[in-house]
Amino acid sequence: MREVTVSKIISAPREEIFDFVCDLAGRPAYTDHFMRDYRLARVNSVGEGAAARFRIHAPFAKDYAELQISEVDRPRRILETMALGRRGRIRALAVYEFTQESPGVTRIELTTYSEPATPWDRLKELGAAGWVKRQTRKQLERLRMIFEEPGSAPLRRATIAGYDPAKAPRFGAPSGTDPSRPAALGGSADAPPH
């Protein structure tokens, strides 16, 4: 796919926008229109090394992807590498560049590029540039709305894969214990016998 670049001017300080984009847990708030089943791949969701997995919901391809933040130059640039498709054979890049237009006004530019691995992948990407441009333009518009027109509802956030807050350890109990089961079966030591 050829290089696709979109940009948007947002009325917010550059550092605030940078920090929000650099936190992968906040991505579902403005990318859920084309990224489904979004979940974190690592515990640390901020900065270099943070990673996430998701499914790209495109018209003729529903590929799985893994995204990792490779380089961070605060507050100027974020470089993300992606592996898409079967066994991650399609490599892609996304580069966010943040430019301060004036105090409290930031231009964010998003450039994406992918390299198909096989002739079949090249065939699938024939019309992808237009679709990617529409989706990334909408992504930046939704990001602008988060800062300029905040809603009353809390923003969506992703969690690490398999983590369910309702099943998190509570009251100092080690992870994986069930207080209703005896200690020999994985329960806590002070559980009543059955």
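Bear in mind that the values in this text are calculations on the coordinates, not laboratory data. Just so it is clear, the structure is predicted and the values come from calculations on it, not from any experiment. Heads up, the Cβs are rebuilt from the backbone with ideal geometry, glycines too, and the neighbour counts pull from every protein chain shown.
For segment 4-163, the calculated P(r) over all alpha carbon pairs, in 5 Å bins from 0 to the bin holding the longest distance, is 2, 9, 17, 23, 21, 15, 8, 3, 1, 0 percent. Note on Lys133: aspartates and glutamates with a C-alpha under 19 Å away, same-chain residues under 8 apart excluded, are Glu3, Asp32, Asp63, Glu80, Glu97, Glu109, Glu115, Asp121, Glu125, Glu141.
The ranking of Arg74, Arg14 by Cβ neighbour count inside 10 Å, starting from the fewest, reads Arg74, Arg14.
With neighbour counts taken as other beta-carbon atoms within 10 Å, the residues Ser11, Ser114 rank, fewest first, as Ser11, Ser114.
Among Ile160, Ile69, a tally of other beta-carbon atoms within 10 Å of each Cβ gives an order, fewest to most, of Ile160, Ile69.
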